[in-house]
Amino acid sequence: MPLEATMIIIDNSEYMRNGDYQPSRFDAQSDAANTVFQTKIDSNPENFAGIMTMAGKGPEVLVTYTKDLGQILQAIHSASSNVGGVADITTAIAVAQLALKHRQNKNLRQRIVVFIGSPLEGQSADERNMIKLAKKLKKNNVAVDVIAFGDGIEEGESNVLKTFVDNANSSDNSHYVAVPPGPHLLSDMVISSPILAGDSGIPEEAMGDAAPAAGGSNFEFGVDPSLDPELAMALRMSMEEENARQVAAAAASGPSQPTPQASQPPAPTSSIPAPTQPAASSDAMDEDEEALLQQALAMSQQEGGGAEIEIDEDEEMSEEEAIARAIEMSMKENQSEKK
Amino acid sequence: MPEDERSLLEFLDSSQLNCLNEEGEHTLKSLLSSKAVNTSSDTYLLSDVDEQLLLNVTFNQSVRVRSLIIKSNGNPEQAPKLIKLFINKPALGFEDVEDASEPEAAQVIELTEEQVKKGLPIPLRYVRFQAVSSLHIFVATNNGDDATRIDALDVFGIPAAGVRDLSGLKKTEE
């Protein structure tokens, strides 16, 4: 739970009109900025955050320090009608640093989160200049996170933004995340990245490299286990219980299953003596179940003989058999009733 | 040295200790958190990006500071040379202190090699350090190396009269 004052810098250059992120780059970015704000504020009751834009006529601080999401939303809304110009990342960071310096609670660590979706130009593209800026931030104990998307992702070997973050990094407090366009949401990628890991109470090492690859739907139950370990565990346990229940039900389904449809093919084997009494005593039923189970086991062992058959298939087969037997039995029941 | 003068490290507010441009593993906290003069040779404060350091030492009550010890055992080139002292300015950054001179800074001192090496007390202008709740030591230059190293720091003086020590009360909530 870091104690932090955060300044979120959003990109409102012309490049934000691009629609390669859903619904547009600017809206995807606003969503992600909201997520960052909310996570930072929630992680510690003393945390504050502000927001500023870096393109347009020049970098502009929209909200200094607040805990109020409404102010952030309002600021983003006003910025959305002010999209234009070229991003000036170096000046924006200098302004953000100044804004952070005048925070009310001096115990708060300073952090700048930069969203960049436009290519670096002029001063910002000069690696030496950026390294100098990074060193200055590091000297003043300001952490920097960079979220690159769209045109902000640099092609090829030289990655000025990555170098920038590496130089500003002290004891692993700064991170660089690149989010290419795709079916995922920008905010989902940000929340599962190391940038917000510390605020969600997950050790950053646990996030590791898995985070950028996560698409949001690649998880076992459609839920990122690292985001909500308890939910994931509950889902897994429920899955296991359901499996166990199905196996048990399949074995015990004999006398109880009411499926009197004749369209199903008869059971492949009918060597077991079928129950003759429709309303058997509980002892008799237990014996029935036992016999069925034995039968099913014997069957699967016979068929799976020498060949390598997975356990799942075994279970499936015994299940099918059990159903078939159930059908057979219920038909016999009907017959005996008719007699 | 007057009789009632003693080390003020016992009045440190260790939760408020911080230092700008310190190296991740050699911090001011490690140097002072024991509230005693550091004697271990493994523990020292080292600067990170360049040779400058800004040490913020906060006390839990008002104190009068008479003298200071700054000791550097390592390479003589890493010893601090020009230091500027500030009092009661909790929000200092490097840009505030780089161009500061007296009277903005409470005192600017050029350290001699002997003072730093042997850890001799550096006398301060006592009248300017009468109600110190936080002391800020800006190391502007050292003797030539890229990094500055400080092995021990001690502050001498007396607690300001009439101020009650509340440090005993704080501990109950932790």
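The values are calculated or read from the model by the stated rules, or taken from the named source; none is laboratory data. If you're wondering where the values come from, they're calculated on a predicted model, not measured in any experiment. Virtual Cβ from ideal backbone geometry, glycine too; neighbours counted across all protein chains shown. Surface accessibility is based on the protein's heavy atoms, side chains included, excluding ligands, DNA and RNA. Shrake-Rupley method; radii C 1.70, N 1.55, O 1.52, S 1.80 Å.
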Original post:
Going 7 Å from the Cα of A:Lys106 toward and past its Cβ, which residues in region B:112-139 have a backbone nitrogen under 16 Å from where you end up?
Top reply: B:131-139
Original post:
On full extension of the chain, what length is gained from A:Glu155 through A:Gln22, given 0.36 nm per residue of separation minus the C-alpha to C-alpha distance?
Top reply: 45.7 nm
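What length, rounded to one decimal in nm, is gained on full extension from B:Lys29 through to B:Asn75, with 0.36 nm per residue of separation minus their alpha-carbon distance? Write out the running numbers ahead of the final one.
On the way: separation 46, 0.36 × 46 = 16.56 nm, distance 2.19 nm.
Result for the pair: 14.4 nm of gain on full extension.
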Original post:
For labels at A:Lys162 and A:Gln335 in the simple 7 Å Cα→Cβ model, what's the distance in nm?
Top reply: 7.4
Original post:
How many angstrom separate the Cα center of region A:1-75 from the Cα center of region A:120-141?
Top reply: 21
Original post:
Given R₀ = 45 Å, FRET efficiency for A:Ala94-B:Arg6 by Cβ-Cβ distance, to 0.05?
Top reply: 0.50
Subject >> Residue order for A:Leu120, B:Leu135, A:Leu69 - accessible surface, 1.4 angstrom probe, largest first >> reply: A:Leu69, A:Leu120, B:Leu135
**OP:** Can you sort B:His136, A:His102, B:His26 by 1.4 Å-probe accessible area, starting with the largest?
**Re:** A:His102, B:His26, B:His136
Subject >> Theoretical gain in end-to-end length, A:Asp228 to A:Val86 [0.36 nm per residue, Cα-Cα removed] >> reply: 47.2 nm
Original post:
Accessible area of A:Asp288, 1.4 Å probe, to the nearest 10 Å²?
Top reply: 40
Original post:
With every protein chain left in place, what is the accessible area of A:Tyr176 in Å² (1.4 Å probe, nearest 10)?
Top reply: 50
Subject >> Residue-level accessible surface for B:Leu28, protein heavy atoms, 1.4 Å, Å² >> reply: 0
Subject >> Cβ charges +1 (Lys, Arg) and -1 (Asp, Glu), total dipole of region B:6-159, debye >> reply: 1000
**OP:** Quote the FRET efficiency, to the nearest 0.05, computed for B:Gln61 versus A:Ala248 with a Förster distance R0 of 60 Å and r equal to the Cβ-Cβ distance.
**Re:** 0.25
Original post:
Rounded to the nearest 20 Debye, what is the dipole magnitude of region A:24-151 about its Cα centre when Lys and Arg each give +1 and Asp and Glu each give -1 at the C-beta?
Top reply: 760
